[in-house]
């Protein structure tokens, strides 16, 4: 196999995919109160989830396009900031995703315990 | 803050026009928020540079805001695109071969090689371009082929065909040789003959000259079938029959050449296979006429060899074809791929 990708590269790619999968769940879970981009990143980092800024902001916009988030510019304070909050549709979806996640997590936990 | 403005501006230039200003405003506000959190008071240039480097190049940031399916021809349309392009190119090659055949047979004017190549290359780009354009428009209109939706019944899947793979490399060599012969016949017919020595003039072979259209037609048919075979990748009943017919036609053309050569030689009074060599003077140079006879005899031998080779090949193909038919009708066992 001459053209095999180095292990570190494959690992980085797979880790990124894993994180990308859960990022939607993490984001929706933290937006029950309006937050602007940096505050959300900070909040996630405090909880132990480091997110690249370049990944989060486009994701927020996509979630809003799908109707899962709402946003508005807030001009209070020293400069305008865009605040995002979960929509009613987002809340419903979050509950469903939460159940899915818990089932999946328990299955994976079980599978990994056998390794 | 000049660097931040420049950065935001650079990103904005590559953003979708619709929400460009909005994204730019948010990006700027976010960058300043991050800087404020990282530095006390006015941030230094190093801190700004470090932050922007961390964010990534403007191209990368802008790309992340575009819709995910940003393709000229996306993965869902791509298989259909490849198939259509293949068909278009096949039709293109066949049309070009037919046109070339028509030009060779009906046009008495000498053909300009550069003009002809230019025309073919131009038409090739147009063909590929049109297919790409059609699919780019379909992609733009978000037309999706029916590969996910709808019910399908696995029982409607076609039977697995026994694959008799073609030898692609051999076919490419065949096509190349045929093209070279066509080029020589079309553009340098005055070079087909025999040279006594490097300085002497060329003694033409009158039989080949008079049979050029027939030879080219036979070669074009062969190329057409070879192109189809390369495209399909394996032998099918249709291609086998076509190849056998093409070979039979080649045998006919070679027979015409051979009979012509024989008749011409008989007319000159040389019947035996090596009669010209036997007639060579013991010393002194042979006459031009004798060299021409020798050349004709050399060509005759070449025709005989070609005829034998192609006949054997054709017999083998007919045998394989019949065997394939028998195998197909007698059993459904899976045969290992056969190199044909």
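The values are calculated or read from the model by the stated rules, or taken from the named source; none is laboratory data. A quick note: this is a predicted structure, and the numbers were derived from the prediction, not measured. Virtual Cβ from ideal backbone geometry, glycine too; neighbours counted across all protein chains shown.
Taking only pairs six or more apart or across chains, which ones have beta-carbon atoms under 6 Å, a first residue in segment A:31-57 that is over 17 Å from residue B:31 (Cβ atoms), and a second residue that is modelled with pLDDT under 90?
If the second residue must be modelled with pLDDT under 90, the pairs left are A:44/A:51.
Restricting attention to segment A:40-56, which residues are at pLDDT below 90 and within 8 Å of chain B (Cβ to nearest Cβ)?
Answer for segment A:40-56, where residues must be at pLDDT below 90 and within 8 Å of chain B (Cβ to nearest Cβ): A:53, A:54, A:55.
Going residue by residue through segment A:30-39, is there one that turns out to be at pLDDT 90 or above, outside any loop (DSSP other than H, G, I, E, B) and away from chain B (no Cβ under 14 Å)?
no
Please list, ordered by first then second residue, the pairs with beta carbon atoms under 7 Å, 6 or more apart or interchain, first in segment B:69-94 and within 14 Å of residue B:140 (Cβ to Cβ), second at pLDDT below 85 and outside any helix (DSSP H, G or I).
B:76/B:144; B:76/B:145; B:76/B:147; B:77/B:145
Check segment A:75-95 and report whether any residue there is part of a helix (DSSP H, G or I), within 14 Å of the chain's Cα centre (by Cα) and loosely packed, with under 15 Cβ neighbours inside 10 Å.
Checking segment A:75-95: not a single residue is part of a helix (DSSP H, G or I), within 14 Å of the chain's Cα centre (by Cα) and loosely packed, with under 15 Cβ neighbours inside 10 Å.
Does segment A:58-66 contain any residue that is away from chain B (no Cβ under 11 Å) and surrounded by 14 or more Cβ atoms within 10 Å (Cβ to Cβ)?
yes
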